[in-house]
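Asker: Quick one: this structure, given as structure tokens, is what I'll be asking you about.
The values are calculated or read from the model by the stated rules, or taken from the named source; none is laboratory data. Keep in mind that what you see is a predicted model, and the values were worked out from it rather than measured. Please note: Cβ atoms are built from the backbone with ideal geometry, for glycine as well, and neighbour counts cover all protein chains shown. Heads up: the accessible areas ignore ligands, DNA and RNA and are worked out on the full protein's heavy atoms, side chains in. Shrake-Rupley method; radii C 1.70, N 1.55, O 1.52, S 1.80 Å.
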Amino acid sequence: MPAAHPFQTDDPRLQPIHEKVLGGERLHAEDALSLYRSGDILAIGWMANYVRERMHGDKAYFNVNRHINPTNVCVAACRLCAFGRKRDAPGAYTMALEEAFETAASGYSEAVTEFHIVGGLHPDLPFQYFLDLCSGLKRRFPQVHLKAFTMVEIAYLSKRAKLSIRETLEQLKASGVDSLPGGGAEIFADRVRHIICDHKIDGDQWLETARLAHQIGLKSNATMLYGHVENDEDRVDHLLKLRALQDETGGFQTFIPLAFHPANTPLQHLPKTTGMLDIKQIAVSRLVLDNFPHIKSYWQMMTPKIAQISLRFGADDMDGTVIEEKIYHDAGATTPQGMRREELERLIRATGRVPVERDTMYRPVTRTETSVTVAV
Ligand code: V47
């Protein structure tokens, strides 16, 4: 059983939570609020680590993936974002399909197992472009998993194509989409959404789109963007809504808390998140989302150092090699735009965990000099 060291805290609010955690009992909204309001990060981390080790032992997952952002042209103009551009603005780009296939192929020497594909809400690109993108990638790279399009993009594409969300998802699935990434969830509360992403689908629509994806057999991830204008109650509300949907569908694989990077956004007057909040957010996520198999500490946005420490505070996954990250780098991230597999493994080993290369479905991947095999 995990955690040989005794649990200690001088914060009386944490004692009853500790008892629930040991007994495998579900935490409620007030418990989650107490966790956010306590300064005892070691006690919170102890509990999150206990749960993490109960679920995954010493395994720490990563994958070898490539990001493809086919366009940064976006009609939404979210205040949280430094990536999107209006069609004619300097720096706006849209990849021709051949360009997207070439992008996919570059860096392929690492034998990626996943393409993570997200982009702006383009006012003119037809739905067929996205179907052709996916079917073309599948034809060229049949063994690579396509984790493509956030709930926000799905809802937008369905409007553009004049199809229901279900039909949109079904057509994308038939063209090669294997699962959906977790972006666009931000914070579900309307008050916050009006400030940071006024033109996006609302929280209920995000959840409904995820529900429909899960119903047709597409797994997805979920994210939460924190560290801007939200408060503790908003974060708790967000986590509990995700937990409730997961009870219903079981379709979420991984939860990824994303720290807000203010640089180059209309919210650049806001301060960056602190290390304390980043680590606490990982731990609270692990404790509250008891039905999510995985908590990812995305090194690109957490920094490799914080992501590494989070493997002892509730996270069991660091995401991947992430060749060519753009969204955070446009928002001032100073992390590298990719990391080699050996470096990720070194960071994980230094925490005393065992690195496990996984595919998107968390099946172990075995590599030799000449082959990549996924255990089924
Ligand atoms: O939805 C945008 C966020 C998300 C900023 O599913 C910003 O495996 C911080 O969802 N500062 C996209 N965050 C990234 C994402 C993701 C990343 C890694 C793995 C997975 C997965 C999903 O990035 C957006 C938004 O929430 N974002 N701008 C910014 N300035």
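Asker: What number of residues within region 318-346 satisfy the criterion of being in a helix (DSSP H, G or I) and open to solvent by 20 Å² or more (accessible area, probe 1.4 Å)? I'd like the intermediate steps shown before the answer.
Answerer: Taking region 318-346 as the starting set, the residues that turn out to be in a helix (DSSP H, G or I) are 327-330, 341-346.
Remaining after also requiring open to solvent by 20 Å² or more (accessible area, probe 1.4 Å): 327-330, 341-343, 345-346.
Count: 9.
Asker: Can you tell me which residue within region 6-40, out of those that are assigned to a loop (DSSP other than H, G, I, E, B) and of a type in the set (Ser, Thr, Tyr), is least open to solvent (accessible area, probe 1.4 Å)?
Answerer: Of the residues in region 6-40, the ones assigned to a loop (DSSP other than H, G, I, E, B) are 6-13, 23-28, 38-40.
Going one step further and asking which of them are of a type in the set (Ser, Thr, Tyr), we end up with 9, 38.
Details: 9: 32, 38: 2 Å².
Of everything passing the filter in region 6-40, 38 is least open to solvent (accessible area, probe 1.4 Å).
Asker: Let me ask something else about it. Would you please name the residue that is modelled with the lowest pLDDT, looking only at residues in region 52-104 that are more than 15 Å from residue 265 (Cα to Cα), under 21 Å from the mean Cα position of the chain (by Cα) and among the hydrophobic types (A, V, I, L, M, F, W, C)?
Answerer: Among them, the one singled out is 64.
Asker: Counting only residues that are closer than 11 Å to residue 239 by Cα and of a type in the set (A, V, I, L, M, F, W, C), which one in region 274-290 is nearest to the chain's Cα centre (by Cα)?
Answerer: Checked region 274-290; the qualifying residue nearest to the chain's Cα centre (by Cα) is 289.
Asker: Of everything in region 165-218, what is touching a Leu at 6+ places or on another chain (Cβ under 7 Å) and among the hydroxyl-bearing types (Ser, Thr, Tyr)? Give them in sequence order.
Answerer: Selection gives 168, 175, 179.
Asker: Please enumerate the residues belonging to region 88-136 that are in a loop (DSSP other than H, G, I, E, B), exposed (fewer than 12 other Cβ atoms within 10 Å of the Cβ) and more than 16 Å from the ligand (Cβ to nearest atom). Walk me through how you get there before you give the answer.
Answerer: Taking region 88-136 as the starting set, the residues that turn out to be in a loop (DSSP other than H, G, I, E, B) are 88-93, 95-96, 106-107, 111-113, 118-126.
Pick out the ones that are also exposed (fewer than 12 other Cβ atoms within 10 Å of the Cβ) and you get 88-91, 96, 106, 124.
88, 89, 90, 96, 106, 124 - these are the residues of region 88-136 that are in a loop (DSSP other than H, G, I, E, B), exposed (fewer than 12 other Cβ atoms within 10 Å of the Cβ) and more than 16 Å from the ligand (Cβ to nearest atom).
Asker: Provide a single number: the residues in region 137-162 that are of a type in the set (A, V, I, L, M) and surrounded by fewer than 19 Cβ atoms within 10 Å (Cβ to Cβ).
Answerer: Matching residues across region 137-162 total 1.
Asker: Taking only region 190-217 into account, find how many residues are surrounded by 19 or more Cβ atoms within 10 Å (Cβ to Cβ) and either over 18 Å from residue 158 (Cα atoms) or among the polar types (S, T, N, Q) (or both).
Answerer: 5
Asker: Among the numbered criteria (1) closer than 26 Å to residue 143 by Cβ; (2) within 13 Å of the ligand (Cβ to nearest atom), which single criterion is violated by residue 341?
Answerer: The number of the failed condition is (2).
Asker: Collect the residues in region 347-376 that are part of a helix (DSSP H, G or I) and surrounded by 14 or more Cβ atoms within 10 Å (Cβ to Cβ), keeping them in residue-number order.
Answerer: Restricting attention to region 347-376, the residues satisfying the condition of being part of a helix (DSSP H, G or I) are 347-349.
Across region 347-376, the qualifying residues are 347, 348.
Asker: Something else: Got a sec? Which of 262, 293 is within 14 Å of the ligand (Cβ to nearest atom) and within 16 Å of the chain's Cα centre (by Cα)? Write out each step before concluding.
Answerer: On the way: 262 fails: within 16 Å of the chain's Cα centre (by Cα).
One residue alone meets the criteria, 293.
Asker: Out of the residues in region 212-232 that are without any contact (Cβ under 8 Å) to a residue 60 or more places away in the chain and farther than 24 Å from residue 32 by Cα, state the one that is nearest to the ligand (Cβ to nearest atom).
Answerer: Step by step, filter region 212-232, then rank; the result is 218.
Asker: Going by the structure shown, is residue 258 among the hydrophobic types (A, V, I, L, M, F, W, C), touching a helix residue (DSSP H, G or I) at 6+ places or on another chain (Cβ under 6 Å) and free of Cβ contacts under 8 Å to residues at least 40 places away in the same chain?
Answerer: Working: among the hydrophobic types (A, V, I, L, M, F, W, C): yes; touching a helix residue (DSSP H, G or I) at 6+ places or on another chain (Cβ under 6 Å): yes; free of Cβ contacts under 8 Å to residues at least 40 places away in the same chain: no.
No: the conditions fail for residue 258.
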